[in-house]
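To keep things clear, I will list the structure first and then write my remarks on it.
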Amino acid sequence: MLERILRESRAVDTEALCIVAEDKVWSIRCDIHVIDHGGNLLDCASIAAICALHHFRRPEVTIDGDTVTIHSIKEKEPVPLSIHHTPICVTFGLFEQINRIVVDPTVKEEVVMDGKITFAVNEFSELCAIQKIGGVASGLDIILNCTQISALKAAEIVAIIKTELQKIQQPLAFAQSVIRKTNIKQNLGSSTTTQLSIDTVEKKQTEDEPLITTNINNLLNPKSKKIDNKRIKSEMNNNNHNNNTQIPTSKPAKRVK
């Protein structure tokens, strides 16, 4: 039922998974592991599967002639799947003896119910699939009533899914951007950055040669090989203090009338 809902309703754009026509294509596989069963397993599985498809990101691909290059997350941002709509399963438990219908039956209700009917509806109130289990007769009015309830429940669930996905994707996109920026800086190399910093400090040293006599190697942090600003200020203050004792002070000139 779940595979029929996702595949036959064309929820996922399969044409966007094509890399090279009639040669290479992405293969998407969704595995569902049941940790706990509290009832209505099909509805829970449909929500889990569609959330996984929305959250999934495939690697970016570059085609150059006959060469296909798959880029890592450090090189290019992954691409989300193209999903046309979000089908959600809504199951009703049928109780023939008491003439009642229960939405989202629990495990105990599933044991005593006479049958069940499942509707797959998307956020546009479109009926994607329907499945009925059990020999309970259901009239047209019951089917129409259940369809309307399914459309309301599906729209409510899809709104919750989109809200939660936005909360997850924003920090995820930020983390991916940080990883790419870090990778770019690593590719540039740390030696170039260190050389630029050293040249800047040495240029300032030659301009103020009488007052500053600091060895640039003493200002480098031996572990990170970066300029230590605190040590620079300390060396400059010490040099200024020593040089001030050597330079004689001159008296102010008298004004001539």
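The values are calculated or read from the model by the stated rules, or taken from the named source; none is laboratory data. Keep in mind it's a predicted model, so treat the numbers as computed, not measured. Cβ sites come from the backbone with ideal geometry, for glycine too, and all protein chains shown count toward neighbours. SASA here: full protein model, heavy atoms, side chains in, ligands and nucleic acids out. Shrake-Rupley method; radii C 1.70, N 1.55, O 1.52, S 1.80 Å.
Structural remarks
- Residues that are assigned to a strand (DSSP E or B) and closer than 22 Å to His85 by Cα were ranked within the stretch 125-148; the one that is most open to solvent (accessible area, probe 1.4 Å) is Leu127.
- The residue of the stretch 104-124 that is nearest to the chain's Cα centre (by Cα), among those that are within 24 Å of Ala52 (Cβ to Cβ) and open to solvent by 70 Å² or more (accessible area, probe 1.4 Å), is Phe124.
- Candidate set from the stretch 72-98 (those that are assigned to a loop (DSSP other than H, G, I, E, B), hydrophobic (A, V, I, L, M, F, W, C) and within 22 Å of the chain's Cα centre (by Cα)); member that is surrounded by the most Cβ atoms within 10 Å (Cβ to Cβ): Leu81
- Note on the stretch 31-71: residues that are exposed (fewer than 11 other Cβ atoms within 10 Å of the Cβ) and either within 25 Å of the chain's Cα centre (by Cα) or under 17 Å from Ser9 (Cα atoms) (or both) total 4.
- From the options Ile28, Ile19, Ile5, Ile101, residue that is open to solvent by less than 90 Å² (accessible area, probe 1.4 Å) and under 20 Å from the mean Cα position of the chain (by Cα): Ile28
- Members of the stretch 1-57 that are in contact with a helix residue (DSSP H, G or I) (Cβ under 7 Å, 6 or more places away or on another chain) and of a type in the set (Ser, Thr, Tyr): Ser46
- Failed item in (1) within 22 Å of Ile160 (Cα to Cα); (2) part of a loop (DSSP other than H, G, I, E, B), with Ile28 passing the rest: (1)
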